[in-house]
């Protein structure tokens, strides 16, 4: 019996020794082999490394008027590695903050591979939401509230398409920008100047180290020497005049369309309007999907910058192309008369009408432009020929991008023989297409910006590349970049330009000129009306102009969608812009008209 008890004791002792050995081995693994790893985890649980967002640079108009600044706001975020149960956390957060559970879950899933990076759940959170988080720390592990700069647009909708808007960094953008120090969830420019000059506007984020308790509450800041203060982004001064922008926007009223005003001597954009517009401030927080849908699928396309992205047939505003080509090629002169206008022109078996049904009679070139006679330009276009017409259209800046410093600019379309060969087959099209092009109809497409540059080129003899940036300034006030004007001679003779300019002056100030509603008392204005056919409804209304006639310093192009006649719909809008510019800049009056 004693021998049997001794065996049992030895057996039990062996089991105890074996288990103790396993325990020692496990403790050795935890404390020695993987000790540094678990110590790091405990430190990460006690110490929170926080990225401090840098405020974006401010944006001003040419006179120092603030257009975009920043406002402090609360952001609610979560640190994924502190999650205990993803599904439950997603449900708790969505209920507490009134967020879509599925979208919260998708965000948490997306960040599984980056557990120590903050996920922003709600930007521009109200006090009520912040209070909910603070009161439910234990139920919402890893959820934090922090103050971040929020983009603010004090002018509301004004200049929305110039300024653009900001939004949260997408996955694709993060891959592209992470090498530059960007973090997931950061704010970046999505449209307009905010996007074009992201590299200047975006600052350098700071870093701070916080000691936190078991509930994630901040106790104190640590490692003051390792802390890095955020560096604010550079500020932009734009070329636009905020007052003129306001005048142009108000003049448009409820109309749809666009207007561009530039300084033809330098290419500086003074005003740019696209209607309808939108409030860029809507994008500064986490955008309500319903609001996004209303903007993105709206048949009016308010997010679309019509000034640079929409292509329109220009109507009679493009008649100066045929005039300049004819004069430069010595095919016509000031005294050239064609067959009198009787209200229509026969070409082959088809009649091409003039806007004036009773006809203009016999006209020379100046009155042909001033009175906008279609029949005169049908005949002039045939004399010039398609290839010459296309060449001079491009010389004047049409059919190609202007190079403005905004994303998404359209090229427009200036048809050529090659184009028609591709569209209709070689030799299967007729010169009748040229008749339409000569009066700005048919396949030709232009943007309002191109037309502002075009009329500016006629005014000065030079084609200036339009730009919105005037200078980039650091937080200390140092100018680190200022673009130089990019101007080229259009190589059109002074005699040709002088004659066309006189015709444009006659179009506004002459007794039979179509642009009489653009007159500004005390100043000589040169301009041209246009009415372009619209297959979807009422004709589009155009007007292009420059002033003062003697010393051009502003060139304007405006299109009113479905506005009817350029003389009555577009010219009055341009008139208000010209008047505001001329009087506000105290130009010396040149006449008593």
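The values are calculated or read from the model by the stated rules, or taken from the named source; none is laboratory data. Computed from a predicted model, the values in this text were never measured in an experiment. Glycine gets a Cβ as well: all are built from the backbone with ideal geometry, and neighbour counts include every protein chain shown.
Taking segment 437-451 as the search range and keeping residues that are surrounded by fewer than 23 Cβ atoms within 10 Å (Cβ to Cβ) and either in a loop (DSSP other than H, G, I, E, B) or free of Cβ contacts under 8 Å to residues at least 12 places away in the same chain (or both), which one is nearest to the chain's Cα centre (by Cα)? Restricting to residues being surrounded by fewer than 23 Cβ atoms within 10 Å (Cβ to Cβ) and either in a loop (DSSP other than H, G, I, E, B) or free of Cβ contacts under 8 Å to residues at least 12 places away in the same chain (or both), the top hit is 443.
Can you confirm whether segment 171-178 contains a residue that is in the same structural domain as residue 206 (by TED's automatic domain parsing) and at positive phi? Give the steps one after another, and end with the answer.
Taking segment 171-178 first, the residues in the same structural domain as residue 206 (by TED's automatic domain parsing) are 171-178.
From the residues that got through so far, the ones that are at positive phi too are none.
No - not one qualifying residue is present in segment 171-178.
Here residue 347 passes the criteria (1) within 43 Å of the chain's Cα centre (by Cα); (2) surrounded by 15 or more Cβ atoms within 10 Å (Cβ to Cβ) except the one numbered (1).
Screening the candidates 92, 69, 98 for the property of being over 21 Å from residue 51 (Cβ atoms) and modelled with pLDDT of 80 or more yields one hit, 69.
In a residue-by-residue description of segment 459-467, the property of being crowded, with 17+ Cβ neighbours inside 10 Å, modelled with pLDDT of 95 or more, more than 30 Å from residue 266 (Cβ to Cβ) and assigned by TED's automatic domain parsing to the domain that holds residue 502 applies to no position. Testing residue 258 on (1) surrounded by fewer than 18 Cβ atoms within 10 Å (Cβ to Cβ); (2) touching a residue at least 60 places away in the same chain (Cβ under 8 Å), one condition comes back false. Which one is that? Exception for residue 258: condition (1).
A quick yes/no check of all residues on (1) surrounded by fewer than 20 Cβ atoms within 10 Å (Cβ to Cβ); (2) touching a helix residue (DSSP H, G or I) at 6+ places or on another chain (Cβ under 9 Å); (3) without any contact (Cβ under 8 Å) to a residue 12 or more places away in the chain:
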position: 238; (1), (2), (3): no, yes, no
position: 243; (1), (2), (3): yes, yes, no
position: 249; (1), (2), (3): no, no, no
position: 267; (1), (2), (3): no, yes, no
position: 270; (1), (2), (3): no, yes, no
position: 285; (1), (2), (3): yes, no, no
position: 288; (1), (2), (3): yes, yes, yes
position: 321; (1), (2), (3): no, yes, no
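For segment 137-164, a residue qualifies if it is touching a helix residue (DSSP H, G or I) at 6+ places or on another chain (Cβ under 8 Å) and at pLDDT below 90, and the qualifying residues are 139, 140, 141, 142, 143, 144, 145. Any chance segment 525-541 includes a residue that's over 30 Å from residue 351 (Cβ atoms) and either assigned to a strand (DSSP E or B) or touching a residue at least 40 places away in the same chain (Cβ under 8 Å) (or both)? Yes; the residues of segment 525-541 include at least one that is over 30 Å from residue 351 (Cβ atoms) and either assigned to a strand (DSSP E or B) or touching a residue at least 40 places away in the same chain (Cβ under 8 Å) (or both).
Against the numbered list (1) under 29 Å from residue 539 (Cα atoms); (2) at pLDDT 90 or above; (3) surrounded by 15 or more Cβ atoms within 10 Å (Cβ to Cβ), residue 281 comes up short only at (1). For the residues 56, 34, 26, 9, the requirement of being surrounded by 15 or more Cβ atoms within 10 Å (Cβ to Cβ) and either outside the structural domain of residue 192 (by TED's automatic domain parsing) or at pLDDT 70 or above (or both) singles out 56.
Taking the conditions (1) without any contact (Cβ under 8 Å) to a residue 12 or more places away in the chain; (2) closer than 25 Å to residue 547 by Cα; (3) under 28 Å from the mean Cα position of the chain (by Cα) in turn, residue 498 satisfies each one other than (3). From the list 108, 121, the one residue that fits, being in the same structural domain as residue 59 (by TED's automatic domain parsing), modelled with pLDDT under 85, in contact with a strand residue (DSSP E or B) (Cβ under 8 Å, 6 or more places away or on another chain) and not in a helix (DSSP H, G or I), is 121. For segment 549-565, a residue qualifies if it is outside any strand (DSSP E or B), touching a helix residue (DSSP H, G or I) at 6+ places or on another chain (Cβ under 7 Å) and under 23 Å from residue 523 (Cβ atoms), and the qualifying residues are 549, 552. When restricted to residues that are surrounded by 12 or more Cβ atoms within 10 Å (Cβ to Cβ) and out of contact with any strand residue (DSSP E or B) (no Cβ under 7 Å at 6 or more places or on another chain), segment 469-485 contains 1. Here residue 348 passes the criteria (1) at pLDDT below 95; (2) under 27 Å from residue 409 (Cα atoms) except the one numbered (2).
Surrounded by 13 or more Cβ atoms within 10 Å (Cβ to Cβ), at pLDDT 95 or above and either in a loop (DSSP other than H, G, I, E, B) or not assigned by TED's automatic domain parsing to the domain that holds residue 400 (or both), is that true of residue 301? Answer is no for this residue. Is it true that residue 507 is part of a strand (DSSP E or B) and touching a strand residue (DSSP E or B) at 6+ places or on another chain (Cβ under 6 Å)? Judged against the criteria, residue 507 is not a match.
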